[in-house]
Amino acid sequence: MTPAPFDIAAAIAQMDAVRTRQPLVQCLTNSVTVGFVANVLLAAGATPAMVDSAGESEVFAREAADAVLVNLGTPHPAKCEGIRAIGFSAPSMPPWVLDPVAVGALPVRTELAHALVAAGPSMIRGNASEIAALAGTGTGGRGVDSVLGPDDVVDAARTLASRTGGAVAVSGEVDLVTDGETVVRIANGHPLFTAVTGGGCALGAVTAAYAAVAPSPLIGAAAAATVYAIAGEKAAARSAGPGSFAVELLDALHALTPADIAQKAVIS
Amino acid sequence: MTPAPFDIAAAIAQMDAVRTRQPLVQCLTNSVTVGFVANVLLAAGATPAMVDSAGESEVFAREAADAVLVNLGTPHPAKCEGIRAIGFSAPSMPPWVLDPVAVGALPVRTELAHALVAAGPSMIRGNASEIAALAGTGTGGRGVDSVLGPDDVVDAARTLASRTGGAVAVSGEVDLVTDGETVVRIANGHPLFTAVTGGGCALGAVTAAYAAVAPSPLIGAAAAATVYAIAGEKAAARSAGPGSFAVELLDALHALTPADIAQKAVIS
Amino acid sequence: MTPAPFDIAAAIAQMDAVRTRQPLVQCLTNSVTVGFVANVLLAAGATPAMVDSAGESEVFAREAADAVLVNLGTPHPAKCEGIRAIGFSAPSMPPWVLDPVAVGALPVRTELAHALVAAGPSMIRGNASEIAALAGTGTGGRGVDSVLGPDDVVDAARTLASRTGGAVAVSGEVDLVTDGETVVRIANGHPLFTAVTGGGCALGAVTAAYAAVAPSPLIGAAAAATVYAIAGEKAAARSAGPGSFAVELLDALHALTPADIAQKAVIS
């Protein structure tokens, strides 16, 4: 009998590994949610390093980072240069995650996204409209919002994972993670995630932190999605709205226990 | 008898319209408060889209946005390019709001502000010193703070509204909104708004969300000011200081009811 | 008998002076924590002005600012231009603070940092690894985190202070402030400061606010460190984790009383 590729024990083991090793996660991310993303990484036990300027980004990726996040929101020229300076295909490159925010109709980020997919990210994390646009089976969503659900794009996600040799994680009511063969579904989370800006961006960053420690992209991406979604469930239970949810999410992620994962995870 | 141009019923109707239609509000705003502004838009029921890079900003304004906010804080070269790329006078342009942060003595933003006024914004929202500087009757405030009150600049606001053909909203202890003829005053709000960064910027964005649905600039700007100020009153009642106020403001805006508006609005 | 160069009474007097004079603090800071830094300045009683674009930064520094903060995180080209435009050695220059975030291995900011040290900042605030790298006795930390403690770099801090003619503040479990001769230690603070992004950046900004009013760099830097650390202690006592800590810190800083300082300060 083949062991399950991902289960509750794996999620707990990866959460412990991130907290123990405190991976240094270099983020080239958008200017809207950069502070929130850094705080989520800290709360998850990782060490954020927002090193995104050309002249520094390539040095840090090569010599210091344990994982790299590339998030394509707000693709200002200076940030695009900082991304292009990195040798994503170099042997020294640590695991890296692509978060293709709002790709599809917006030209600058869409062109950059396709170039990055060709460089083979360890993981891609997006919503269903973004994954469809990246796989060439859709034209993107409405701003940053998806008009599709993860199960509408399972074939696109598998195709993309096979093409990159990594894992693809599709966020939605039920998250879906695939390495092209296995498909894992995580039925955790809370609607308040869509009521705050950066809910998706921060998951992309947490995914990078897990990429630094995980034995495979599939397990890393699935563990990140599980831990983050369960922290959101705990936070929502203590929140009176989107403002308190963002605060409680950081507290919950910081305080999350293996027992929380064991009791709440809904993985299939 | 002419009906009142703006009253409590109009504020409630506009709040409902924003929540129902969830307008896509494109923001070209400053880097200090961009995350807070996005969260306030979400809490108000709108959909933020911080698309501000040249090559994307003009595509999004033309094809996707229901309203556009231009906020002149932190006028970095890349952001100025993103603003200049937009054809504000094009027939396809949706309603747009100019927030002339700290115009007056600071040359880059002041020059850009005058060019934008000439393009005819649907609404301008600022504090009294900013409105005076824009109308040519003052030299600006102290950083982002006003040294004047709204009633000191009522003539400047009317002049500016007549010149642009839109509405002008002046924020202060009592907010003032005019379309050049009618003047509406809203005596709601709380001093804690000036104790957090982005209190004014976020109102500019909410004003853009209301611009997307309102039957006239005057009604849109006045409804936005009313709803936002009353959310602030509710938030302040639950706050222990500026940190908790910012959190409670998001929760209050998200939970605001027509009854809250009916009970608290002080419109004249 | 020489009076103590810094004591509890001096910390209280400086806190009052900032709140009374509300100094206008111009910040050229990083994009990760810029909003949090502005909110901390407001909570401390100062007036933030994030004027960092070339064409404006030099005008504001010369004509309006009561103090200037230069924080070297995220050294994007536009921000570096905004910094270089300022005439730091001009007679009209107000007190200014250098926060050399993550200098050492990262080339862009390290080169800029050495040029700024040569221009003689009134105060330098960093962690021990940053101070060692700046003094030429170390190679920097792990991302933004220090691998040394303040007492490991007391000689480096004294050397740097003597070289600039200002004060050097080293943040850590026990903060250390020196003007090259006197060394003050402040044993206040809380580990949660390292669990939120911007804990150090915000102290740099508060230090600039105190620089605007203080009779000497040593007293300004030491008073800022004392007030900020004690606010953190009060905030931590009410926090359930890093999310609530950041919120409570703003509330505590806003509400801090002379009695809080008198009861909690541990100065030697």
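Working only within the stretch C:136-153, note down all residues that are open to solvent by 60 Å² or more (accessible area, probe 1.4 Å) and within 14 Å of C:G73 (Cβ to Cβ). Within the stretch C:136-153, C:V144, C:D145 qualify. Identification of strands (runs of 3 or more DSSP E) wholly contained in the stretch B:122-229 with 1 or more residues that are within 14 Å of chain C (Cβ to nearest Cβ) yields B:123-127. Among the residues of the stretch C:89-108, those identified as within 14 Å of another protein chain (Cβ to nearest Cβ) and either assigned to a strand (DSSP E or B) or surrounded by fewer than 24 Cβ atoms within 10 Å (Cβ to Cβ) (or both) are C:P94, C:G104, C:A105, C:P107, C:V108. Looking across the stretch B:23-53 at every residue that is more than 9 Å from chain A (Cβ to nearest Cβ) and assigned to a loop (DSSP other than H, G, I, E, B), the one that is nearest to C:T74 (Cα to Cα) is identified as B:V32. For the stretch C:54-76, the tally of residues that are facing chain B (nearest Cβ under 9 Å) and either over 24 Å from B:G141 (Cβ atoms) or not aromatic (F, W, Y) (or both) stands at 8. Before we move on, is B:V40 within 22 Å of B:L250 (Cα to Cα) and modelled with pLDDT of 95 or more? Spelling it out, B:V40 is indeed within 22 Å of B:L250 (Cα to Cα) and modelled with pLDDT of 95 or more.
Somewhere in the stretch B:197-208, is a residue more than 15 Å from the chain's Cα centre (by Cα) and at pLDDT 95 or above? Give the steps one after another, and end with the answer.
Step one: of the stretch B:197-208, the residues more than 15 Å from the chain's Cα centre (by Cα) are none.
No.
Just to be sure before I move on: is B:G165 open to solvent by 10 Å² or more (accessible area, probe 1.4 Å) and more than 25 Å from B:A38 (Cβ to Cβ) in the structure I sent?
Working: open to solvent by 10 Å² or more (accessible area, probe 1.4 Å): yes; more than 25 Å from B:A38 (Cβ to Cβ): yes.
Here the answer is yes, as B:G165 does meet what is asked.
Just to be sure before I move on: is C:D145 modelled with pLDDT of 95 or more and in contact with a strand residue (DSSP E or B) (Cβ under 7 Å, 6 or more places away or on another chain) in the structure I sent? It would help to see each step written out before you state the result.
Numbers: modelled with pLDDT of 95 or more: no; in contact with a strand residue (DSSP E or B) (Cβ under 7 Å, 6 or more places away or on another chain): yes.
Against the criterion (modelled with pLDDT of 95 or more and in contact with a strand residue (DSSP E or B) (Cβ under 7 Å, 6 or more places away or on another chain)), C:D145 does not qualify.
Within the stretch A:54-63, the set of residues being open to solvent by 30 Å² or more (accessible area, probe 1.4 Å), in a helix (DSSP H, G or I) and either closer than 15 Å to C:T74 by Cα or touching a Phe, Trp or Tyr at 6+ places or on another chain (Cβ under 8 Å) (or both) comprises just one member, A:E58.
Can you pull out the residues in the stretch B:89-131 that are basic (K, R) and touching a residue at least 60 places away in the same chain (Cβ under 8 Å)?
Taking the stretch B:89-131 and keeping what is basic (K, R), we get B:109, B:125.
Result: B:R125, single match.
Report whether or not A:G136 is on the phi > 0 side of the Ramachandran plot and either at pLDDT 95 or above or touching a Leu at 6+ places or on another chain (Cβ under 6 Å) (or both).
Criteria not met by A:G136.
Can you find a residue in the stretch C:1-14 that is of a type in the set (V, I, T), surrounded by fewer than 20 Cβ atoms within 10 Å (Cβ to Cβ) and in contact with a helix residue (DSSP H, G or I) (Cβ under 8 Å, 6 or more places away or on another chain)?
Our first condition is that a residue be of a type in the set (V, I, T); within the stretch C:1-14, this holds for C:2, C:8, C:12.
Subset that is surrounded by fewer than 20 Cβ atoms within 10 Å (Cβ to Cβ): C:2, C:8.
Then keep just the ones that are in contact with a helix residue (DSSP H, G or I) (Cβ under 8 Å, 6 or more places away or on another chain); that gives C:8.
Within the stretch C:1-14, one or more residues are of a type in the set (V, I, T), surrounded by fewer than 20 Cβ atoms within 10 Å (Cβ to Cβ) and in contact with a helix residue (DSSP H, G or I) (Cβ under 8 Å, 6 or more places away or on another chain).
Only one of the listed residues (A:A156, A:A119, A:A133, A:A113) is within 18 Å of the chain's Cα centre (by Cα), within 22 Å of A:A209 (Cα to Cα) and open to solvent by less than 20 Å² (accessible area, probe 1.4 Å). That residue is A:A113.
Count of the stretch A:236-267 residues, restricted to those that are within 12 Å of chain B (Cβ to nearest Cβ), surrounded by fewer than 24 Cβ atoms within 10 Å (Cβ to Cβ) and outside any loop (DSSP other than H, G, I, E, B), is 1. Residues of the stretch C:64-95 that are farther than 21 Å from B:A78 by Cβ and touching a helix residue (DSSP H, G or I) at 6+ places or on another chain (Cβ under 8 Å): C:D66, C:A67, C:V68, C:L69, C:G87, C:F88, C:A90, C:S92, C:M93, C:P94, C:P95.
Where residues in the stretch B:64-88 are assigned to a helix (DSSP H, G or I) and touching a residue at least 12 places away in the same chain (Cβ under 8 Å), which of them is surrounded by the most Cβ atoms within 10 Å (Cβ to Cβ)? Let's see the steps before the verdict.
Kept after step one, since they are assigned to a helix (DSSP H, G or I), are these residues of the stretch B:64-88: B:77-84.
Then drop every residue that is not touching a residue at least 12 places away in the same chain (Cβ under 8 Å), which leaves B:78-84.
On the way: B:A78: 19, B:K79: 28, B:C80: 19, B:E81: 16, B:G82: 24, B:I83: 21, B:R84: 15.
The extreme case among them is B:K79.
The values are calculated or read from the model by the stated rules, or taken from the named source; none is laboratory data. These numbers come from a predicted model, not from an experiment. Every residue, glycine as well, gets a Cβ built from its backbone with ideal geometry; the counts of neighbours run over all protein chains shown. To get the accessible areas, we keep the full protein, side chains included, count just its heavy atoms, and leave off ligands, DNA and RNA. Shrake-Rupley method; radii C 1.70, N 1.55, O 1.52, S 1.80 Å.
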